[in-house]
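Working notes, beginning with the structure itself.
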Amino acid sequence: MRRVIGLVLLLLAITVTTHALSWAYAFVVLDGRVYEVMDVAVLEGDLGEVVGEVKTLADDMDGSYYGDASNMYPIGTTYRKVNEEAIENVLAVEDESGWKRAEYRHDAPFSMRDHLDKVAYAALGIGAALFIFTRVRKRQ
């Protein structure tokens, strides 16, 4: 009986344990590029047009992310161009205290989720072409 109780307690201790990541820095992703959000304010006069927003959140458990994502900012957070800076190098990210500078660090890892819309459109196109082909063939 003691062995059974000991095994049950061991299993509970193993399954209850959770792990979460501790991110090295706050980041945002735009068009497959990862930008580190710096603790540097961007003035209103330096802001350009809106270029994107956070659409998905990074997973704190396994570190995966796809699309226009962030690990610290909520969905809907806006990205804007910084005047006289290339979007490929610098963005301004909306923060509760104003706008912060985000600098390009590296390309985001490949994720099939980024391309699902293209795959779906291709499948619809092939399906429509096959449908039309069979209709034309039946009429002949």
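The values are calculated or read from the model by the stated rules, or taken from the named source; none is laboratory data. Note that this is a predicted model, so its numbers are computed, not measured. Neighbour counts are summed over all protein chains in view; Cβ atoms, including those assigned to glycine, are modelled from backbone coordinates with ideal geometry. Protein only, heavy atoms only, side chains kept; ligands, DNA and RNA dropped before computing areas. Shrake-Rupley method; radii C 1.70, N 1.55, O 1.52, S 1.80 Å.
The fraction of accessible area contributed by carbon and sulfur in the chain is 60 percent, rounded to a whole number (1.4 Å probe; ligands and nucleic acids excluded). Principal axis extents of the Cα atoms in the chain, from largest to smallest and rounded to whole angstrom, are 80, 60, 23. Between the amide H of residue 34 and those of 105, 106, 107, 108, distances stay under 5 Å, these residues lying 5 or more places away or on another chain, with hydrogens modeled in the peptide plane. For residue 95, the residues 5 or more places off, or on other chains, whose built amide H falls under 5 Å of its own are 100. Distant-in-sequence amide contacts of residue 72, defined by a placed amide H-H separation under 5 Å and a gap of 5 or more residues or a different chain, comprise 27. Report summary: the helix-based calculation at 222 nm, which adds -39500 (n - 2.57) for every DSSP H run with n ≥ 4 and divides by the residues of the chain, gives -9500 deg cm²/dmol. For the peptides 119-131, 95-107, 66-78, residues were scored by their other Cβ atoms within 10 Å and the scores averaged per peptide; the highest-first order is 66-78, 95-107, 119-131. For the range 64-69, 3J(HN,Hα) computed residue by residue from phi via the Karplus equation (6.51, -1.76, 1.60; θ = phi - 60°) reads 7, 7, 8, x, 7, 10 Hz, glycine and proline entered as x.
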